[in-house]
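Data first, discussion second: the structure below is written as structure tokens.
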């Protein structure tokens, strides 16, 4: 004979389960809204890539080569975001630190990383918190229309212009375009 718990316990269990499901769904939806960046449409008023590179290098608070040692995510047990960690291999501009903790700005498009990915990033700092904003690391537009319904990928030329402008080539194992682009 099965023992049935009192109805108020069943309601509490369902309620708690439902709350957890709703919370999880909201987090996934908000995360997907924040991360689901579509390529910008061509902006015919945008600066040439070389001017964008110069401007973004000036605006960057740090430029580093490094390796992603931890990807960002969410710790459900402690109910908090986990920031990505970038272990510095070379500092081109910015403070002398060994590891950058990269925040995920709310409501903005952010770069996805893979663990052990080697990257060159332009970073911005706000209130002691660092971010790899796509506005510094991605040309505008990232993809542009070409005759014949083709798209031109501006990311590789942009990355090469960054390397040329700072005068330091990337090591062979450093991604030209991070995985999240």
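Bear in mind these aren't lab numbers, they're just calculated from the coordinates by the rules spelled out. Since we're looking at a predicted model, the values are computed, not measured. For neighbour counting, all protein chains shown are included, and Cβ atoms are generated from backbone atoms with ideal geometry for every residue, glycine included.
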Net length gained if the chain between residue 49 and residue 145 were fully extended (0.36 nm per residue, minus Cα distance): 33.0 nm
Global geometry of region 78-181, whether rounded, prolate or oblate, following the gyration tensor of its Cα atoms and the 1.5 cut on a/c: oblate
Where labels lie 7 Å past Cα in the beta-carbon direction, separation of residue 97 and residue 58 in nm: 2.5 nm
